[in-house]
1. Quick one: is G153 within 29 Å of R34 (Cβ to Cβ), part of a helix (DSSP H, G or I) and touching a helix residue (DSSP H, G or I) at 6+ places or on another chain (Cβ under 7 Å)?
2. Given the criterion more than 13 Å from F46 (Cα to Cα) and either among the β-branched types (V, I, T) or at pLDDT below 90 (or both), identify the matching residue among S95, S144.
3. So in segment 157-182, with the set limited to residues that are farther than 18 Å from V80 by Cβ and modelled with pLDDT of 80 or more, which one is surrounded by the most Cβ atoms within 10 Å (Cβ to Cβ)?
4. With the requirement that a residue be free of Cβ contacts under 8 Å to residues at least 60 places away in the same chain and within 20 Å of G168 (Cβ to Cβ), what does segment 1-36 give you?
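The values are calculated or read from the model by the stated rules, or taken from the named source; none is laboratory data. Please read these numbers as outputs of a predicted model, since none were measured by experiment. Cβ sites come from the backbone with ideal geometry, for glycine too, and all protein chains shown count toward neighbours.
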Amino acid sequence: MDLFSIIFIAIGLAMDAFAVSLGIGTTERATNARARFRLAFHFGLFQFMMPIIGWVAGSTVSRWIAPVDHWIALILLAYVGVNMIRSGFNADQDSYSRDPSRGRTLIVLAIATSIDALAVGLSLAMLEVSIITPSIIIGVITYSLSTVGLFAGNKLGEKFGKRMEILGGVILIGIGLRVVFTHLFG
C-alpha cells in the first residue's frame, strides 16, 4: 500500500478524534497544555494501537467484534454527546463531571473514536500489508488533528459559550450514527 493511501486512511480515521477534540475544546475543561496533550496523545495512541490489535487478531476475533463494533461506538459516543447537550442547556452543569483528559472518560472517548481503526488493521492483515508504518502514521495524524481540534474548540467555546457544547454533543451523536449507517448500508 502506498504512502498516499495510508495518509488518506489516517486522515479519515482521525476525523472522529478531531470532532471529539473540537467538542471537548468548547467545554473549557481542557484548556491547559497538559490536558490537551493527554487527550491528543491518548487519541493518537489508541488510533496507533487499534490497527495493530486488528491486524494481530486477524479473522479469529473479528467475527465476534465486527457485528457489534458499530453499536459499541454509537453507545459510547451517544452517552458522551447526550451529557454535552444536557450541559449546554444547563448553564450550571458541566458536560464532563470529571476532567475528560483523565480516567474513565478519557479511555471511553479514546476507544469510541478508534474502534474503526481496528477494522482497518484487520483489512490490512487480509491485504498482507505490514502494520507498523501505517499505525505510526495513523497515530501521528490523529494526535495532530486532535491538537488542532482542541485549540479550535477552545476558541469557538470562548466566542459562543455553552451553545458550542450542544453542537459538540450533536456532532458526537452524529458520528455514532454515521458509524452505524456506514456499517449497515455500506
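1. yes
2. S95
3. Across segment 157-182, the extreme among qualifying residues is F181.
4. Of everything in segment 1-36, just one residue is free of Cβ contacts under 8 Å to residues at least 60 places away in the same chain and within 20 Å of G168 (Cβ to Cβ), namely N32.
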